[in-house]
Amino acid sequence: IDQCRGGSNSNLQWDCCYRCRDKNRRTHKHIAKATQCVISNLEPETQSNMTASTTITTTSNYGPIYPPFNPFVRHPTSPLGKVRMILCGSILVPIRLTGAILTLSSCLIWCNICSIGCSDLSKPYSPTRRRLLQGGCRVFSRILLFWYGFVWLHESHEIEDKEEREKQPHPSVVVVNHIGFAELMYLCYSDGCCFVSKDTNRALPFIGKISEVLQSIYVDRGEGEGGRSIHGGQQQGEASSSSSTTMQNSRSHTSDVSSASGGGGSNAKTTTEKILERAHSPPGTWPPLAICPEGTTHTGHVMIRFATGAFRAGLPIQPVIVSSPFSSRFGYDPSFSCANIVMHIICLMTQPMNHLHVKHLAVYVPNDAEKKDPTLYANNVRRKMAQELGVECYDLTWNEKLRFERAEKARELGNQRLAAKNGGVVPPMPIFTEDAFGNPLVEKVESGSKKKND
């Protein structure tokens, strides 16, 4: 790469890898771009000799590609921000915590009332029961967002004209990027959505019963083989060939079928079957289904790999993008990733105001190729959402996130899963050179290593 800066190679096109000039930003992704740039300007014979070895080196030896910053660990709160949290929290937290508990209790009572006489929650509700249930939950969701500090919601639409939006085809599901639980409460408030959630959320106080009455779909992503169901269809990148795509989709579908999401027994419907059933049902039969195809939360500064469950039906979907900006100087990062949920909620309540920006994109109608290939469909939707958010896509999953969790068991599980994917070899931990705001971390790392050497 250094040889490309001058001499005999000065005529090479360097624009596509301009960021690699700065040594602090030479991540594996940028080096890979630069390498391909160099190869494209060589003689054809030399290209064929270099492409294979270079591609193998940039993928297998370095493991998955990460951004320059950690996409799974929240931005640390500054000392000024901590002082602000103490001062504001001493007043706001008691009020907001009391209001949140009362709101959740009221919502739970409302859900129990609306589900009286309904013994089987796996069947569609009557129109009257569904309207009453959704109406109450929408009100309680907005009140709960208020208690969590989301006083004002910034909403926008790609299609601004309301009449034009109503002319769009009816979406089968709603897909949204996953940065926490605020976007889920928003979708419950705005559209009366239910969700695809991990099975362990059933045990959560208040939320478990409420989401069950809302007819959410549960995914068992346990530590065994069944855990692979949440990542069904994710095992390949955007550059896969059509033959490998077909094989992978069949394997991932088998993995989905092998793990039931709701109830025991071999006759229980799988996650994929439940999603397809609701996607193909007439509008109004079920509550709108919202899915976070990334399968896990992150800080919101990237888009990670999409699972294909929401895209297997080959029907139009409604993409929704959310972001939660904050000040790095005195704010608190509202994203919920690798954090304790109780402490995170309390910290949210210490902020005078948390911001949630929501943009409803136009309904995405798949073409013939996307209908046949759910992986292609998922990748194209993810690319569009990333462009609207102004972030990049990375081929990362829940497995990579596990290595940054606080619990030691979670970190061990992440290493085991990654080792299984890489022939028994655990990829090295990535080295991040900057934070999400572009502030360099290299100097801190170098100064820390010097102290250890001394």
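Does Ser197 meet the test of being modelled with pLDDT of 50 or more and either open to solvent by 20 Å² or more (accessible area, probe 1.4 Å) or in a helix (DSSP H, G or I) (or both)?
Criteria met by Ser197.
Any idea which residue in segment 209-232 is modelled with the lowest pLDDT, counting only those that are part of a loop (DSSP other than H, G, I, E, B) and charged (D, E, K, R)?
Going through the qualifying residues, I end up with Glu223.
What number goes with the only condition from (1) surrounded by fewer than 18 Cβ atoms within 10 Å (Cβ to Cβ); (2) in contact (Cβ under 8 Å) with a residue 12 or more places away in the chain that Asp120 does not pass?
So Asp120 meets the others, but not (2).
How many residues are assigned to a helix (DSSP H, G or I), of a type in the set (S, T, N, Q) and open to solvent by less than 70 Å² (accessible area, probe 1.4 Å) when one looks only at segment 61-116?
The qualifying residues number 4.
Quick check on my filter: what residues within segment 414-441 are over 13 Å from Asn70 (Cα atoms) and either open to solvent by 30 Å² or more (accessible area, probe 1.4 Å) or of a type in the set (Phe, Trp, Tyr) (or both)?
Within segment 414-441, Asn415, Gln416, Arg417, Ala420, Lys421, Asn422, Gly423, Gly424, Val425, Val426, Pro428 meet the criteria.
Would you pick out the residues in segment 285-312 that are over 12 Å from the mean Cα position of the chain (by Cα) and more than 22 Å from Cys188 (Cβ to Cβ)?
Residues satisfying the conditions are Thr308, Phe311, Arg312.
Scan segment 297-324 for residues that are in a loop (DSSP other than H, G, I, E, B), crowded, with 24+ Cβ neighbours inside 10 Å and of a type in the set (Gly, Ala, Ser) and jot them down.
If the condition is that a residue be in a loop (DSSP other than H, G, I, E, B), crowded, with 24+ Cβ neighbours inside 10 Å and of a type in the set (Gly, Ala, Ser), then Gly300, Ala307 are the ones that fit.
I need the full set of residues from segment 394-416 which are touching a residue at least 24 places away in the same chain (Cβ under 8 Å) and touching a Phe, Trp or Tyr at 6+ places or on another chain (Cβ under 9 Å), in order please.
Tyr394, Leu396, Glu400, Lys401, Arg403, Phe404, Glu405
For the list (1) loosely packed, with under 15 Cβ neighbours inside 10 Å; (2) within 23 Å of Asn354 (Cβ to Cβ); (3) of a type outside the set (A, V, I, L, M), I need the number of the one condition that Ser126 fails.
(2)
Quick check, is Val151 part of a helix (DSSP H, G or I), within 22 Å of Ile207 (Cβ to Cβ), open to solvent by 10 Å² or more (accessible area, probe 1.4 Å) and of a type in the set (Val, Ile, Thr)?
No.
Restricting to segment 119-144, give me the number of residues that are within 25 Å of the chain's Cα centre (by Cα) and β-branched (Val, Ile, Thr).
Selection size over segment 119-144: 1.
When segment 363-413 is examined, which residues are found to be hydrophobic (A, V, I, L, M, F, W, C), open to solvent by 10 Å² or more (accessible area, probe 1.4 Å) and assigned to a loop (DSSP other than H, G, I, E, B)?
Val363, Val365, Val391, Phe404, Ala407
Looking only at segment 179-194, which residues are assigned to a loop (DSSP other than H, G, I, E, B) and either in contact with a Gly (Cβ under 7 Å, 6 or more places away or on another chain) or open to solvent by 30 Å² or more (accessible area, probe 1.4 Å) (or both)?
Of everything in segment 179-194, those that are assigned to a loop (DSSP other than H, G, I, E, B) and either in contact with a Gly (Cβ under 7 Å, 6 or more places away or on another chain) or open to solvent by 30 Å² or more (accessible area, probe 1.4 Å) (or both) turn out to be Ile179, Phe181.
Could you identify the single residue in Ser266, Ser335, Ser327 that is farther than 30 Å from Ile95 by Cβ and either at pLDDT below 90 or assigned to a loop (DSSP other than H, G, I, E, B) (or both)?
The conditions single out Ser266.
Among the residues in segment 167-174, are any of a type in the set (A, V, I, L, M, F, W, C), open to solvent by less than 70 Å² (accessible area, probe 1.4 Å), assigned to a strand (DSSP E or B) and in contact with a helix residue (DSSP H, G or I) (Cβ under 7 Å, 6 or more places away or on another chain)?
There is at least one residue in segment 167-174 that is of a type in the set (A, V, I, L, M, F, W, C), open to solvent by less than 70 Å² (accessible area, probe 1.4 Å), assigned to a strand (DSSP E or B) and in contact with a helix residue (DSSP H, G or I) (Cβ under 7 Å, 6 or more places away or on another chain).
The values are calculated or read from the model by the stated rules, or taken from the named source; none is laboratory data. Note that the structure is a prediction, hence the values are computed from the model and not measured. Don't worry about glycine lacking a Cβ; one is built from the backbone with ideal geometry, like all the others, and counts go over all protein chains shown. Ligands, DNA and RNA are excluded from the accessible area calculation, which covers all protein heavy atoms including side chains. Shrake-Rupley method; radii C 1.70, N 1.55, O 1.52, S 1.80 Å.
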